[in-house]
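Every read-out reported here was derived from the displayed coordinates using simple, explicitly stated rules and does not represent laboratory data. Since this is a predicted model, take the numbers as computed values, not measurements. No Cβ is skipped: glycine too gets one built from the backbone with ideal geometry, and neighbour counts run over all protein chains shown.
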Ligand code: SF4
């Protein structure tokens, strides 16, 4: 591994604002969080995949993967990040490197030609160029090629030097933040910076979740100056250094970026969530309070309280007919974990019982919050083998499984409804509207008559 890349990874693992890092003693902190990679470590996504996921929602940029075809096939459009305008981000661009290109040392030339072709044919706002295992191992200098292409074609060309072999998808997320900080943020100035400009960091507008929250911000006169990176335009990201406050959605992936924005540009940040009614209200309150502290009009806070009161009343009124249909039902929650506390609190707000929740990728802070919400550690687990999950569901200790797509067949085999709450989901659950959507989905799934039929003995068993 190149020395520069090694240092970047070490720096990403030694993040002073990371809760996991802070919880260690000085000796273990010196060792860093980096672990020797074992075969299969990239299952569920390599670092390149993580970087691509984080940057691809910049919708007016071209995302060019310098690799044999398989890497782009692996990473293309595997999340439902939605765009309100350009669709360029969904086109897969790759240099499609062949064995002959590698043997003949043609990689860098092919990359330069590909950048030219993309710029001439698509006129993107910028080109993100991704290194992968193959091109990093043969030593292609994508930073030099990107620099030469940017000068020649007068378009930003950003090297994303995060080959898959350096680690997990999470590390890729974090390093994507570093790429934005190093090459993009601070390169453009907004024409009219405002006192109510904010950054949203770590939201990808999956299935349009950002659009469930943005109307609330619009009503308060709050502008999303820098979106990193849901439904973002390249220029928006480049101007993120002029926001007044940052809201951080995923501390695991982006705490380094939020900290650097604070230290370099004086933008304070907080970690929040738009899942659940009270978490949405808390996030809005915190944004307004922090903006007011930095000079936004003082009436922002009473206007925010009025909006929260109106929206909460309307949401609870809409939920009223559904609540008796789901109250008391038991949920097994098996998610990536970084926002588990938020989903758990949302489910409890609805009167549901959480019988178990995974904490696989949770930080110590996340764990603390879950214990606070649930009042016990008894229902927290790091990993659950499919066999155990099946047993738990089969013994009817849970009425519904909420998880990512990989566990869906365990639920279906156990004849229990399953709801997708991972990044690939098709329904948005953010904000007040999202809560209504989640409750409708829960009701539709749990009370579907098909389950009674499925669980009844087959005619030949009677
Ligand atoms: S970057 Fe490496 S690990 Fe990731 S898909 Fe390509 S070859 Fe596989």
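For the range 188-215 versus the range 242-308, the spacing of their alpha-carbon centroids is 11 Å. Extension gain, residue 451 to residue 317, is 45.4 nm, computed as 0.36 nm per intervening residue step minus the present C-alpha separation. For the chain, the spherically averaged projection of the C-alpha convex hull amounts to 25.0 nm².
Entry note, the chain: the mean residue ellipticity at 222 nm calculated from DSSP H runs of n ≥ 4, each adding -39500 (n - 2.57), is -13500 deg cm²/dmol after division by the residues and rounding to the nearest 500.
Dividing the alpha-carbon Rg of the range 104-183 by 2.2 N^0.38 Å yields what? The partial results should precede the final answer.
On the way: Rg = 12.8 Å, N = 80, 2.2 N^0.38 = 11.6 Å.
Normalised Rg, Cα atoms only: 1.10.
May I ask you to compute the full-extension gain from residue 235 to residue 422, defined as 0.36 nm times their residue separation minus their alpha-carbon distance, rounded to one decimal in nm? Can you show the working numbers first?
Numbers: separation 187, 0.36 × 187 = 67.32 nm, distance 2.87 nm.
Roughly 64.5 nm would be gained on extension.
DSSP beta bridges confined to the chain are antiparallel in about 5 percent of cases. Computed from Cα positions, the angle between helix 142-153 and the longest principal axis of the chain comes to roughly 70 degrees.
For the chain, the longest principal axis of the alpha carbon atoms and the long axis of helix 169-179 meet at an angle near 50°.
Computed from Cα positions, the angle between helix 107-122 and the longest principal axis of the chain comes to roughly 70 degrees. The modelled label-to-label distance between residue 113 and residue 7, using points 7 Å beyond Cα along the C-beta direction, is 3.5 nm.
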